[in-house]
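Written below as structure tokens is the structure these notes are about.
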Amino acid sequence: FGLAQLYQLRGRVGRGAVRAYAYLLTPRNMEIGEAARKRLEAIAEASDLGAGLRIAMRDLEMRGAGDILGDRQHGHIAAVGFDLYTRLLAQAVRQLRDGRQLPQPEGEETLAYLEPLQEGVQISLPLQAYLPEDYIPDATLRLRLYRRMAGMLSLADVEAMAQELRDRFGELPSPVCNLLYQLRLKVLALESDVQSISVEAGQLLIKAEGLEHLNREALQRHVGAAVRVSRRQIWLPLHPDATVWQAELERVLRLMHRMLHDPGR
């Protein structure tokens, strides 16, 4: 049995008003293989409504999607994962279309999806940043929103998303505000050649190759004595009040962005 077939078998039990259970048993002395163990674990974990799609995707990743133009039911997808595999495929198709001068896809989200190997920004901050279930109960909708957020490449898009969430679901809870905050940081960081934003030794640390192209002495004067600017790093104090260091971190990134793209100001 594949993973999807096992899940389908379990789904055939308990269709009426009375709850029923399905038990999958193995002989006591039988050693379960690695693939079988992963399948059983996936079934045990996915017990909520709408989990069938996740089960099917896990099964697809384990088996592989096969050849696009062949009849094999296995392939190299397991080596990279289904999501990256589909993006690589989309990128290859786009490159072929470029050669044929066909219409190109539009929209920053589409372009971000078609560039799977573009280096991103590593952001690791002590913030709870996510879409809570009690704010957006539909798991499929949350995943769709996460995908849209991952493709945002401008501050205007982030602000538009914030307004959309307010209009559709109400006032933004703290985890959502933090998520949008980190999206703003990502946009500013990408445009300022920043590789990572993290916490080290009790301080905020910005690692940026783009600092080599800035007037670091001028940047140091603007950020103040509490912030230390070096050749490729910026250290900021981690204030006990999160709102303080969040505002300071965004301020420094905006200064970097402005000096990099508008050095005359």
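Placing dummy labels 7 Å off each Cα toward the beta-carbon, the span from E200 to E31 is 4.4 nm. 3J(HN,Hα) couplings calculated from phi for the range 206-211 with the Karplus curve 6.51 cos²θ - 1.76 cosθ + 1.60 (θ = phi - 60°) are, in sequence order, 10, 9, 8, 5, x, 4 Hz; Gly and Pro show x.
Give me the accessible area per residue for the range 125-252, probe 1.4 Å, as a whole number in Å². List each step's numbers first, then the result.
Working: 6500 Å² over 128 residues.
Value returned for the range 125-252: 51 Å² of accessible area per residue.
With q set to 0.17, 0.18, 0.26 Å⁻¹, the log10 of I(q)/I(0) for the range 121-206, from the Debye formula over equal scatterers at the Cα positions, is -0.73, -0.80, -1.37.
Using the Karplus relation 6.51 cos²θ - 1.76 cosθ + 1.60 with θ = phi - 60°, the per-residue 3J(HN,Hα) values for the range 237-252 come to x, 8, 5, x, 8, 4, 5, 5, 6, 5, 5, 5, 4, 5, 4, 5 Hz, with x marking Gly and Pro. The gain in end-to-end length when the L40 to E171 segment is fully stretched comes to 43.2 nm, 0.36 nm per residue minus the alpha carbon separation. Each of Y23 and A226 was given a label point 7 Å from its Cα along the Cα-to-Cβ line. The distance between the two points is 6.3 nm.
The values are calculated or read from the model by the stated rules, or taken from the named source; none is laboratory data. What you see is a predicted model, and the numbers here were worked out from it, not measured in a lab. Please note: Cβ atoms are built from the backbone with ideal geometry, for glycine as well, and neighbour counts cover all protein chains shown. Heads up: the accessible areas ignore ligands, DNA and RNA and are worked out on the full protein's heavy atoms, side chains in. Shrake-Rupley method; radii C 1.70, N 1.55, O 1.52, S 1.80 Å.
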